[in-house]
Amino acid sequence: MSPRRYMHLNLVANDINLHQGAYKYEQAHGIPERNTFERLLEYGRFGDEGLFTALFIGDIPGLNGSPAFDGGPAEPITALTAISQHTRHVGLIATASTTFYDPYNLARLLASLDQASDGRAGYNAVTSVIDQFAQNYSLEEHLDREARYRRADEFLDVLRALWDNRTVRRDPDGLTRFYAEPINHRGNRFQVAGALNIAPSRQGRPLIAQAGGSGPGIKVAAKHAEMVFTNSSTREGAAAYRESLDKALVEQGRAPGSVPPIPGLIPYLGRTAKEAEEKLHELDSHVNWEPIAPFALGQFGIEVPFEDIDDAFPTELLPRPEDVEKTIKSTFGNYVGLYNWIQERPEVTVREVVAQAVGRGGATHRKFVGSYDDLVEDFAAWHADGNVGGFNLMFSAGAQAIREFIDEVVPRLIERGIYRSTPHDRPLRERF
């Protein structure tokens with residue numbers, strides 16, 4: 001008899017995903033201000049209490065109009081190492097760019113997080129996309145998409161070799177010792193001798209996650225990842241992505257279905273759907289939409305003309321995703337998600353596109369507005385399809401919204417039999 005299949009819920013644990021009106025919303029509701037570190041530890045406590053599989057911290061390696069309270073987020077590995085000392089069960093997945101880091105240095109940092117957390121560490125491998133970030137790392141401009149993914153592939157080859165060529169074993173004299181072997185990697189982009197001088201944790205090496213919806217991204221995920229952060233806004237889209245990922249897994253000699261896609265989701269909840277809609281509208285009322293429009297619309301890579309924020313959005317100007325996959329400067333999966341969302345709404349306004357793209361949090365990931373029971377039904381349907389492993393949850397209003405989810409939705413999911421009722425105690429890689 002096969003074990004029950006539970007849904008994974010990861011908590012995206014930084015403020016870059018908040019609704020643009022969240023700060024004023026907290027003030028209006030009398031929620032005390034907390035400093036950056038207090039907010040990070042708050043996410044950690046929620047991670048354990050809500051039985052989340054992992055905390056997932058994204059990264060913005062430069063200043064780029066973040067809605068975060070701290071302008072951030074904090075550097076993820078540092079933040080999660082601190083959180084590891086205040087949590088017991090929740091996994092800790094840090095984002096870092098394969099374009100900007102050196103593989104040996106990152107291998108040491110993540111292995112140290114894995115030790116500090118007793119085998120709860122994971123790494124979300126991204127390639128980054130913006131020229132101004134590249135210029136923070138002594139590059140004149142960002143690498144093109146194909147070059148970024150070729151670098152990412154070799155980067156992960158090096159990272160895994162450094163992690164895999166070490167062991168801790170008990171010797172015949174009764175003493176436990178650490179051993180590591182050189183990897184002597186000589187590639188097109190990296191020359192790394194090794195060995196890595198950090199001992200493995202109980203899970204051996206950190207989990208590898210990958211976030212990318214383009215063809216090159218899926219190929220890298222199929223070769224290296226144990227979990228994929230996707231942007232699937234419909235069940236049909238999730239099925240199509242699952243098919244593409246499984247095909248790539250087979251080409252890499254891996255079993256189809258062995259790597260779970262985990263799409264992002266931003267829930268707006270209430271006891272009724274009407275109450276949820278009222279919360280969303282209240283958050284919206286705290287936002288001045290015009291100043292953020294250029295930032296939100298800039299990811300299309302074209303000039304989007306409008307005179308008034310409530311003008312009809314010029315849908316006909318948008319390039320098709322397949323025409324810009326190799327040249328787009330934003331995250332391709334986010335572009336596809338936003339493009340499809342717009343195509344489904346022929347009367348959409350500029351304001352609504354700005355809200356979906358940036359203003360309502362969570363980049364272009366799916367927004368769910370409904371009651372607690374509505375969300376449970378939605379999760380159950382996606383779970384029954386078997387095309388996703390769960391969801392990466394981003395909460396638009398911060399602590400108040402997370403508290404509501406833990407109190408109202410988690411017990412319903414457990415009662416439905418699709419969510420664990422006890423904390424994970426296995427190393428993070430084994431959970432997925």
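Bear in mind these aren't lab numbers, they're just calculated from the coordinates by the rules spelled out. Keep in mind it's a predicted model, so treat the numbers as computed, not measured. Glycine gets a Cβ as well: all are built from the backbone with ideal geometry, and neighbour counts include every protein chain shown.
Please report the antiparallel percentage of the DSSP beta bridges confined to the range 73-187, to the nearest 5.
In the range 73-187, DSSP labels about 45 percent of beta bridges as antiparallel.
Can you give the local net charge around ARG426? Use residues other than it whose beta-carbon is closer than 12 angstrom to its beta-carbon, Lys and Arg +1, Asp and Glu -1.
+2
Running Debye on the range 265-378 with equal point scatterers at the Cα sites and no solvent, what base-10 log of I(q)/I(0) appears at q = 0.19 Å⁻¹?
Each listed q maps to, in turn, -1.04.
Compute the Kirkwood hydrodynamic radius of the range 2-67, taking the inverse of the mean of 1/r over all pairs of distinct Cα atoms, and give it in Å to one decimal.
That comes to 13.9 Å for the range 2-67.
Percent relative contact order of the chain, based on C-alpha pairs within less than 8 angstrom and at least six residues apart?
Here the relative contact order equals 22 percent.
Go through 238-244, 77-83 and give me the packing order, highest mean Cβ count within 10 Å leading.
Final packing ranking: 77-83, 238-244.
Could you tell me the ratio Rg/Rh of the range 199-284? Both radii from Cα atoms, Rh via Kirkwood.
1.16
Would you mind checking the tilt of helix 273-285 against the longest principal axis of the Cα atoms of the chain, expressed as 0 to 90 degrees and rounded to 10?
So the helix axis and the longest Cα principal axis differ by about 90 degrees.
Rounded to two decimals, what ratio of Rg to Rh does the range 139-238 give with C-alpha atoms and a Kirkwood Rh?
With Rg and the Kirkwood Rh in hand, the quotient comes to 1.10.
Could you tell me which chymotrypsin sites (Phe, Trp or Tyr not before Pro) in the range 363-422 are loop residues by DSSP with no more than 12 other beta carbons within 10 angstrom of their beta carbon?
Answer in residue order: no site qualifies.
Where does the charge balance sit around THR272 when Lys and Arg score +1, Asp and Glu -1, over other residues with C-beta under 13 Å from its C-beta?
Within the 13 Å Cβ shell, the charges total -3.
At most 12 other Cβ atoms within 10 Å and a DSSP loop assignment: could you name the GluC sites (Glu not before Pro) in the range 342-399 that fit?
GLU344, GLU347
Which value in nm describes the separation of the simple spin-label points at GLU347 and ALA240, placed 7 Å from the Cα toward the beta carbon?
Distance between the two pseudo-spin positions: 2.5 nm.
How fast does the range 6-117 diffuse by Stokes-Einstein, in µm²/s, taking the Kirkwood radius from C-alpha pairs at 25 °C and 0.890 mPa s?
The estimated diffusion coefficient comes to 165 µm²/s.
Sort 190-203, 87-100, 305-318 by packing, meaning the average of other beta carbons within 10 Å per residue, with the highest value first.
Peptide ranking by packing, descending: 87-100, 190-203, 305-318.
As I understand it, the value is the acute angle between the Cα axis of helix 36-49 and the longest principal axis of the Cα atoms of the chain; what does it come to in degrees, rounded to 10?
80 degrees
Just flag the GluC sites (Glu not before Pro) in the range 130-163 sitting in loop per DSSP whose Cβ has no more than 15 other Cβ atoms within 10 Å.
The qualifying sites are GLU140, GLU141.
Within the range 243-280, whose backbone N sits under 17 Å from a point 7 Å along Cα→Cβ of ASP373?
269-277
Note the angle between two axes, namely the Cα long axis of helix 235-251 and the longest principal axis of the Cα atoms of the chain, as a number of degrees from 0 to 90, rounded to the nearest 10.
The two axes meet at around 20 degrees.
Considering only DSSP beta bridges where both residues belong to the chain, give the percentage that are antiparallel (nearest 5).
20 percent
At 222 nm, what value in deg cm²/dmol follows for the chain if DSSP H runs of at least 4 each add -39500 (n - 2.57) and the sum is divided by all its residues, to the nearest 500?
Helix-only estimate at 222 nm: -11500 deg cm²/dmol.
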